[in-house]
Amino acid sequence: MIHVFVGPTLPRSEPQLATPGVRVWPPVRHGDLFETTIRDGDTAVILDGVYHQAPALRHKEILAVMGRGVRVIGAASIGALRAAELAPFGMLGVGSIYTAYVSGEIDGDDEVAVGQAPDSEFGALTWPVVNLRHVLQLAVSAGVLDGERAAALLAGLCAVYYPQRTTAAVRAVCRHQGATEFTEWLAEQREQDEHFGDLKRSDALTAVRIALDGELPRAGARPTPAMWETSYFRRWSNAFGRTCVDGLELATEDRLVYQQVFDPAFRKTWTAYLEHRSLHPADGGPGLPLAERLAQVTGEDLPADRVFHPAIDLRNEESVALLLAGETQTDRQAVARYATALARERRSRPGFTVAAVRDDLTRRLLLRVWQSSEQEFDAEASARGLVCGARAVERAKRLVPGLLDETTERTEAARGGR
């Protein structure tokens, strides 16, 4: 399967993108390469991406997907930029824009940045610098501009902030510098060919063709986990991990947090997980029974959950099975409802984030669910694998909209029954 991440550079109606075996994705963003349908042996063609309105694709995400056998091609836009940065590790760069980045001819992110239409077509609303530079070079070759005038126009156009570099803005800059002949020439060329001077499009089509034709160089050594495995990467992989259970597409991390908060028996689940990790350390060191390891560290003065806080890797199927051992179908349905409530909150309140949920409200709800006193709050959170009360509050905020929904529904039902 060939996965193409594209937006403004090519329309989805492009014939090459309709080829069997090609799956078209929106512009790539942070987390997209964790998608489980991108499998070993597949090819990912990264063309367009977002970075202004959402976190951009990280380098370690690309290294990780290459490390598990996915071939990655970059061209045209953020793909060319990332390929220039990761070529030494095996990412294949294609096209003149990639070459310009590698040679140092260009080096700014804004060279390829464009404003995008906020709909499913992701159309370009502005001109990228790489296309403007190319058009000016073509104008010099055609005798419409001399080199000095072209350089002055490019400087003026680069001074315009990229989301405002519309066709009208390009005309305005040219008019201000007295380059009327150039604007008329450009309009005439674009009337004859709507893609005239579109360097990004040309590079993108080349990259897709190479993927379709299988013209990929023999893969070298894969990147090793040491190149991407960090605490940050583990946090990302946990956040973007998803599973389909009972016909529901659920975030694995949401399922775990739900169990940590609502399962009365999760204390025992967490102890079993600590025992497993003690017998099978992640670093490959010698295993020890949990009680023996605890005695070595504290003399058994503290419970194990207050001493050991192993990082959780939700990519590990054995760990997930242990941590979700007490999960029921009803739990999974609740996780889906809570995720829906959180998504609704994000849609209805622009700018809303989980971090904006009040700490004191979340704490009160947890105390109520756990039937815990303030004095016991930290100990209860630790016993559930949440380290401490403050961490528990941070993790449980994602559940608050759904929990409030259920509380409201119960209250209304009670009132209606009187």
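So here's what we get for this one:
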{"quantity": "Where residue 183 falls short, out of the listed (1) surrounded by fewer than 16 Cβ atoms within 10 Å (Cβ to Cβ); (2) in a helix (DSSP H, G or I)", "calculated": "(1)"}
{"quantity": "Qualifying residue in the stretch 213-231 (condition: buried (at least 19 other Cβ atoms within 10 Å of the Cβ), among the hydroxyl-bearing types (Ser, Thr, Tyr) and either closer than 15 Å to residue 311 by Cα or in contact (Cβ under 8 Å) with a residue 24 or more places away in the chain (or both))", "calculated": "no"}
{"quantity": "Residue count, the stretch 240-259 (criterion: surrounded by fewer than 16 Cβ atoms within 10 Å (Cβ to Cβ) and in a helix (DSSP H, G or I))", "calculated": "0"}
{"quantity": "Verdict on residue 93 being within 30 Å of residue 240 (Cβ to Cβ) and touching a strand residue (DSSP E or B) at 6+ places or on another chain (Cβ under 6 Å)", "calculated": "yes"}
{"quantity": "Residue within the stretch 274-290 that is hydrophobic (A, V, I, L, M, F, W, C), modelled with pLDDT of 95 or more and either on the phi > 0 side of the Ramachandran plot or crowded, with 16+ Cβ neighbours inside 10 Å (or both) present", "calculated": "yes"}
{"quantity": "Matching residues, the stretch 243-265, being farther than 17 Å from residue 381 by Cα and of a type in the set (Gly, Ala, Ser)", "calculated": "247, 251"}
{"quantity": "Subset of the stretch 302-344 that is small (Gly, Ala, Ser) and assigned to a loop (DSSP other than H, G, I, E, B) - its residue that is surrounded by the fewest Cβ atoms within 10 Å (Cβ to Cβ)", "calculated": "311"}
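The values are calculated or read from the model by the stated rules, or taken from the named source; none is laboratory data. These numbers come from a predicted model, not from an experiment. Every residue, glycine among them, receives a Cβ derived from its backbone with ideal geometry; neighbour counts consider all protein chains shown.
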